[in-house]
Structure formats: C-alpha cells, structure tokens
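Accompanying notes for the structure given below.
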Amino acid sequence: MPLSLIACALLAAGGIAVAQDAPERDAGEREMTAELPPPPPALPQENVRIEYARVLAAEPVIQTLRATAMVERCDPISPLSPAEGDSERRGLSRVVGVVRDVLNPQEEERDEDRAGAECRMVPVEREFRRPIGYDVDYVHRGVTYRSRMPYDPGNRVRVRVSVTPVVNPDP
C-alpha cells in the first residue's frame, strides 16, 4: 500500500512540473503582457466596540437671532383735546362719538378716525433664542472629554471605542 501512495505522489508531481513548463512565446506576445504590481501590504483591522461614559455636565448652547420689523404706530387723538378737523364735530356729535368709542373699545379704529391720527412706521427689534446643541463633559476610563451633541444625553452617553495597532512603514 505505501508503494501505491508513492506512485501516486510521483505522478501528481510530474503533472505539476509539466503544467509549469510553458511553451516559448514569440517576441510580439511578450510586449503585450504587462507585469502585475505587487499586492498592497496588509492593513491592520480596526477593533471597535460600544461602551458607556458617565456624563459630568451638559450645558445648552443657545443661538440668539435678532430680527427687525417695521410696524405702523398711530398715536390716538384724545376726544377731549381739540385737533385738526374737529371744527365740524362740535357739541352733541362729539359726545356721541366719545360714548360710542367707550362702549365699543374692541372695534378697530375707523379709517376716518385714523386720518386725523399721526401714524408712522417704527422699527421694532425682536430677539429669538433657541438651543442648537449641548456641550457635554463626560469621563471614560478616567479621561475627561468634551463633545457638542444635538441633544441632552442624560446621565450617560454611548461612546465608540476603536483600537488599531500602529504599524511602522519601515519594518
């Protein structure tokens, strides 16, 4: 039985040797074939895991926006003080107008009443404040870190821990 194994091994080795002998190519075929570049060196694989870190503080980051709008302001004319155009509103009609204004305060001013008032455009500045994120201080394995996050993480925050060996380019 060991003799048959040796015979099989010799036949297999002979077949490999024959397969490696390639017929000689002519010069035209040699020029067309290009040498392959050496394979790239093996890159170290990154080891990643998710852990939790304890949050020390989370401070909101506030953005302040200012906007200016033009608003019409009209100074009301006092019904008791004489004003321009009051010459025709005398006596009983003036009293009726004052009583009407007192009884219906929720009605908007009429255009004819506004015509006598002094109206002007006034810039009104408004300020809007909104949170845009949180500066979070946290400690992981004894080292304190600070990151800006879009939300308040609470008492703990998930952290991605990555370990990769340093490979020198010149071994």
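The values are calculated or read from the model by the stated rules, or taken from the named source; none is laboratory data. Given the structure is predicted, the values throughout are model-derived calculations rather than measurements. Positions of Cβ are generated from backbone atoms using ideal geometry, with glycine treated the same way; all protein chains shown enter the neighbour counts.
A quick yes/no check of all residues on (1) surrounded by 12 or more Cβ atoms within 10 Å (Cβ to Cβ); (2) in the same structural domain as Ala57 (by TED's automatic domain parsing):
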{"site": "Glu118", "(1), (2)": "no, no"}
{"site": "Met121", "(1), (2)": "no, no"}
{"site": "Asp135", "(1), (2)": "yes, yes"}
{"site": "His140", "(1), (2)": "yes, yes"}
{"site": "Tyr145", "(1), (2)": "yes, yes"}
{"site": "Arg148", "(1), (2)": "no, yes"}
{"site": "Pro153", "(1), (2)": "yes, yes"}
{"site": "Val157", "(1), (2)": "yes, yes"}
{"site": "Asn168", "(1), (2)": "no, no"}
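Could you pull out the residue among Asp101, Asp86, Asp75 that is surrounded by 12 or more Cβ atoms within 10 Å (Cβ to Cβ), at pLDDT 70 or above and not assigned by TED's automatic domain parsing to the domain that holds Arg141? The conditions single out Asp101.
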